[in-house]
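No lab work stands behind these numbers, since they all come straight from the coordinates. Quick caveat, the model's predicted, so the values are computed rather than measured. Here Cβ is always computed from backbone atoms with ideal geometry, including for glycine, and neighbour counts include all displayed protein chains.
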Amino acid sequence: MLSACHGRIAAHCASLRRLVPHLLAGGVDDEARTAATRLMRYFDKAALDHHADEEDDLFPALIESMAGSDAICLREMIAALTADHRALEACWQHLRGILDRIAAGEGVALVADDVEALAGRYERHIEREERELLPMAARLLSDDELARVGRAMRQRRGIDEA
């Protein structure tokens, strides 16, 4: 589920990147307003849920499972990833204000460097999680613990157990 979230985050970052040249070429049209609204809806909820999935469920489960040399590596990784979450949230809040104005039809600039600050940081963050965090979780957590984390993630999103 975390990997699937990473794919959706990357897709929304790509949409955000595409919005920059769209606005430059055509201004704030219906398509731009719709995209801005869709991006706000996603990053306001799903991205924050993803951060909570990790900070409230996965990270504590990993810390509980720590032993030996994994402890130092995990503590450093979790601290860095949590700091990344706060930086991502700050980047998002800056962009959200601009997107809110675009969604309202205002002709404001969406600066490519601001978009890259969020999208590039997410790319690096996701790559580290996919390369380091998720393999470590698969190695250290039992099937029961992975299932518990999955249930918590589904519950956070209001997805019924089937």
ASP44 paired with ASP114, simple spin-label distance in nm, labels 7 Å along Cα-to-beta-carbon
1.7
Per-residue HN-Hα couplings for the stretch 22-32, Karplus 6.51 cos²θ - 1.76 cosθ + 1.60 at θ = phi - 60°, whole Hz, x for Gly and Pro?
4, 5, 5, 7, x, x, 7, 9, 4, 5, 5
For each of ASP113, ASP100, count neighbouring Cβ atoms within 10 Å of the residue's Cβ, then give the residues from fewest to most.
ASP113, ASP100
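Determine the calculated [θ] at 222 nm for the chain from helices alone, applying -39500 (n - 2.57) to every DSSP H run no shorter than 4 residues and normalising by the residue count; nearest 500 deg cm²/dmol. Can you show the working numbers first?
Working: 8 runs with 122 residues, N = 162.
The per-residue figure over the chain is -24500 deg cm²/dmol.
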Given all pairs of different Cα atoms, what value in angstroms does the Kirkwood hydrodynamic radius of the stretch 2-156 take?
16.7
Return the single residue from GLY97, GLY26, GLY120 with maximal mean-square fluctuation; model: Gaussian network over the chain, springs between Cα atoms under 10 Å.
GLY26
Taking neighbour Cβ counts within 10 Å as the exposure measure, how do TYR122, TYR42 sort from fewest upward?
TYR42, TYR122
